[in-house]
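Asks: So that we are looking at the same thing, I have put the structure below in structure tokens.
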Amino acid sequence: MSSTCDPAHAPVGDVGAALMMIDSRLKGVHAGKTRIDPEQRAMIDQFTASLDSRGAHDVLEGACTLIYMYMQWLRSAYEDHDRDVLEYVVPSTVATMRMMPRSVSPEAIPSMAGLIVAAGTGLSPSLWRQQYGYWTKEEMTPLEVTAFLLAEHINRLTEDPDFATRLITDALTRADEDAAADTD
């Protein structure tokens, strides 16, 4: 029986925009910056200001898609070593979020952990979250942090600071190629 949270029923959203934001954070961290440089912050602010409510919702859905894709990759990687992805990803992610009280309020951590568990068990994070009501403004930064931490987890496992970004861009490229082949 199919779940109401089956990823096949979930909107993909604007994965490219969500990835751009996460990649920007990753590059900043790897450059040793604790804050985004003002020029990059201005570019992100300009981009987000240009979004209407539909565009913002699409980026939010894109972030959930990233979380799902990252957790599927992590699940496969951990299963290859006979390990449970939830055992290794959830505690470290939650512990890191607890060390970020200015970005992630304690109240948001259970929802973000739930998103990770949903994605790690093959459910759509956005559909899982939807059953609890609308997203709140206070959950936007924790959602970005969650996607960032999962990407960084992948990058550490692969010892490649760009692996998580390439993982998604390669998947997007394959999807575009498949779509083009279907129209031929």
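Asks: Report ³J(HN,Hα) in whole Hz for each residue of the range 76-93, in order, from the Karplus equation J = 6.51 cos²θ - 1.76 cosθ + 1.60 where θ = phi - 60°; Gly and Pro get x.
Replies: Here the 3J(HN,Hα) series is 4, 5, 6, 5, 4, 10, 6, 10, 8, 4, 5, 4, 9, 8, 4, x, 5, 5 Hz.
Asks: Using the Cα gyration tensor of the range 50-184, with a ≥ b ≥ c the square roots of its eigenvalues, what is the shape: rounded (a/c below 1.5), prolate (a/b larger than b/c) or oblate (neither)?
Replies: On the way: a/c = 1.71, a/b = 1.13, b/c = 1.52.
Oblate, because a/c is 1.5 or more while a/b does not exceed b/c.
Asks: Given the DSSP H assignment, sum -39500 (n - 2.57) over each helix run of at least 4 residues in the chain and divide by its residue total; what's the result at 222 nm in deg cm²/dmol, nearest 500?
Replies: Estimated from H runs of four or more residues: -23000 deg cm²/dmol.
Asks: Which whole-Hz couplings ³J(HN,Hα) result when phi for each residue of the range 109-123 is put into the Karplus expression 6.51 cos²θ - 1.76 cosθ + 1.60, θ = phi - 60°, listed in order with x for Gly and Pro?
Replies: 4, x, 5, 5, 5, x, 4, 5, 5, 4, 5, x, 9, x, 9
Asks: For the range 103-170, take the convex hull of the Cα atoms, compute a quarter of its surface area, and give me that in nm², please. Write down the numbers at each step before the final one.
Replies: Values: hull surface 21.0 nm².
Value for the range 103-170: 5.3 nm².
Asks: Only Cα pairs under 8 Å and at least 6 apart count here; give the relative contact order of the range 110-184 as a rounded whole percent.
Replies: Working: 24 pairs, mean separation 12.6, N = 75.
Reported relative contact order: 17 percent.
Asks: Still on this model: In Å², what does the accessible area per residue of the chain work out to with a 1.4 Å probe?
Replies: Numbers: 10530 Å² over 184 residues.
Accessible area per residue: 57 Å².
Asks: Based on the mean of other beta carbon atoms within 10 Å per residue, what is the order of 162-175, 112-125, most packed first?
Replies: Values: 162-175: 15.7, 112-125: 21.9.
The peptides rank, most packed first, as 112-125, 162-175.
Asks: Ok, one more. Where the only charges are on Cβ atoms (+1 Lys, Arg; -1 Asp, Glu), what is the dipole of the chain about its Cα centre, to the nearest 20 debye?
Replies: 820
Asks: Okay, moving on. Given the peptides 99-105, 146-152, arrange them by the average over their residues of other C-beta atoms within 10 Å, most packed first.
Replies: Values: 99-105: 12.7, 146-152: 24.9.
Descending packing order for the listed peptides: 146-152, 99-105.
The values are calculated or read from the model by the stated rules, or taken from the named source; none is laboratory data. What you see is a predicted model; the values in this text were computed from it and never measured. Note that each Cβ is placed from the backbone with ideal geometry, even for glycine, and that neighbours are counted across all protein chains shown. Surface accessibility is based on the protein's heavy atoms, side chains included, excluding ligands, DNA and RNA. Shrake-Rupley method; radii C 1.70, N 1.55, O 1.52, S 1.80 Å.
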